[in-house]
1. Which of Leu327, Thr352, His371 sits farthest toward the positive end of the charge dipole of region 289-384, with +1 on the Cβ of Lys and Arg and -1 on the Cβ of Asp and Glu?
2. Give the ranking of Ser158, Ser630 by solvent-accessible surface, highest area first, calculated with a 1.4 Å probe.
3. Among Ile253, His443, Leu413, pick out the residue whose Cα is farthest towards the positive end of the charge dipole of the chain, where Lys and Arg carry +1 and Asp and Glu carry -1 on C-beta, about the Cα centre.
4. Between region 90-106 and region 148-175, what is the separation of their alpha carbon centroids in Å?
5. What ranking of Trp171, Trp288 comes out by heavy-atom accessible area, probe 1.4 Å, highest first?
6. Using a 1.4 angstrom probe with every protein chain in place, what is the largest-first accessible-area order of Leu381, Leu408?
7. Could you give the distance between the Cα centres of region 448-500 and region 580-611, to the whole Å?
8. Could you state how much accessible area Lys585 has, in square angstrom rounded to the nearest 10, with a 1.4 Å probe and all protein chains kept in place?
Amino acid sequence: RTRYIQTELGFHERLFVAVLTSKATLNTLAVAVNKTVAHHFPRLLYFTGLRGAKVPHGMVLVAHGDERPIWLMYETVNYIHQHFGSDYDWFYIMQDDTYAQAEQVKALVTHLSINQDVYLGRAEEFIGGDEQARYCHGGFGYLLSRSLLLKLHPHLDSCRNEILSVRPDEWLGRCIIDFLGITCVSQLQGQHYRTYELAKNTEPEKEEEEDFQAALAVHPVSDMTLMYRLHKQFSRIQLDRVYQEIQDLQMQIRNLTALTPAGEAGVTWPVGINAPFLPKSRFEVISWDYFTEQHLFSCPDGSPKCELSGASKADVSEIIESAVEQLNRLYQPLLRFSKRQLLNGYRRFDPTRGMEYTLDLLLEAATQKGHSHVLAKRVSLVRPLSKVEIIPMPYVTEATRVQLVLPLTVQDLDFVANFLDMFAMNTLDTHDNALLTLLFIYHPYDAQRVGQMDVFAGVKAMVGELEKRYADVKIPWISVKTEVPSQVKLMDIVSKKHPVDTLFFLASVWTEINMEFLNRCRMNTISNWQVFFPVHFQEFNPALVYRGEQTASSNTDFLRDGHFDRHSFAEACFYNSDYMTARTKLAADILDRDEVLESMEVFDVFLHYSGLHLFRAVEPGLVQKYTLRSCNPRLSEELYHRCVLSNLEGLASRSHLAMALFEQEQANST
């Protein structure tokens, strides 16, 4: 049970951060802390004595209702112990007029042992107190270990009643010393807690002292602007360190590669990035996409040319700017380059290393004496894959009921019996939590003659037999009269007849339902977050693949003679509430132009009007037997073209088609 491994094994999160704020600084300094460093910490809460305060957006605030400094400190430590004492190893307490280098603080706790009682910060002497005792100055933040917090908690009430102090940090330090005998330290286990005290009218951009650049915490920060300037300066310092580390590592790689059998020829470019993917056959070659500054010649919709816009345009602009910048960095001060024009651009995504670019640039090169010359230069760039992030997802279960919706036309009658048999065997016999609703789509001519001859009478008889066999099962049907069976219009009818929390699986008559896929439908569909559009596996035409030979019957190669049909969007899993929300936005956009719906599928509704994650993935649990689908010419040109392509690509693989043509030519020649 992977979800509970951490709890059952007693693992703790690493670091919890508490920020003390006040009525005067909640909407200024506290907001600046939230915008600069809060997202770098795994968990951060703000604590104030102000009751009923309006919480700024994106902040989690705990209000104690008493603004006395000692009381605020007491309530904060008590709250941390009660709600987070058993979940975290380290607790960092800071004020909102403190700038803390989040990455440095996180690195610090990774080098400290969690088995010791730690009270770490900027050690200060008590006024008129013991020369050996020290407390941690609250303005520079301080670190408490979980073991110290657990030992301190029973004594908090005594400290509140017995210790008198004006400063909350002195009060906490005296409490820890008197009852635990632990004093604040600035150095522990070889790790230093470095701080820097800002003078008035300090210019962060001009601070070049080593103490400033190495500081974990800076205090006091007088206003929001200074907080942002500090964050910018420390980000620049951290970035320079990273670039220097990269250069050092690249130098080490070059030196070590020279000692390998491949020698210097074994150094990849860029140094330290994975080598390009080497295809083992022509089918594995990664193709390049051609582009200019205005157009892309490999478009998502398959068209040969489309306008460069959005993220692609920003990507191209950034990569050209970066190329010119790198050239100037390499050749200055002798030459200064400026871009005239992008002659040719190529890019491809290599999953082993990232996005690769090749640019042919028309440049103007200016010398120091003012002479200029126009030249063309080819440059290569790589945008490497960065750190992989785990995106948090809402937790779902496999107990959700799935409502199957099966639209049926007259052309589908030959396949209904197999669909119902598979549904009964894989869901009704196994008591899976799934229901079925049939949608009978009558042509206007058939609808007028339904009293004399119902084209769906046979299907209704099969449903009746199923309901007799399974007494507790009801399979309702809905009759619709239309010449153009628009998927969106049909879904509108079904949506109104089901509760908003219904999980729909929009199926096709060729779908063979099984428990494995239904569970994936439940897990991959998350209300108000994600919809799932599986790509089913379509078997090839057995007449072309086997040509009279016996078909493969082994379960291990059932995905061998076919392909995943990426042109089909007939199957979908989504919640009714998500569909209704997206459909409302669509209705406001198209007003009363219902003819627009004939050119859309449910996929288009979610893609353009939902804002949800659209999960499109191959689904080996959905295997469909070969059949030549009937493509309705009354639908939009795009939908009709997609249906025709699905039929053509579903005939057979290239090798099978080539063999069939070869045998036909052999037969004709004889």
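The values are calculated or read from the model by the stated rules, or taken from the named source; none is laboratory data. What you see is a predicted model; the values in this text were computed from it and never measured. A quick note on method: Cβ atoms are made from the backbone with ideal geometry, for glycine too, and the neighbour counts reach across all protein chains shown. In case anyone asks, the SASA skips ligands and DNA or RNA and just uses the protein heavy atoms, side chains included. Shrake-Rupley method; radii C 1.70, N 1.55, O 1.52, S 1.80 Å.
1. His371
2. Sorted descending by solvent-accessible area, the residues read Ser630, Ser158.
3. It is Ile253.
4. Comparing the Cα centres of region 90-106 and region 148-175, I get a distance of 21 Å.
5. Trp288, Trp171
6. The ordering from most to least exposed comes out as Leu381, Leu408.
7. Between the Cα centres of region 448-500 and region 580-611 lies a distance of 24 Å.
8. Counting only protein heavy atoms, Lys585 exposes about 100 Å² to solvent.
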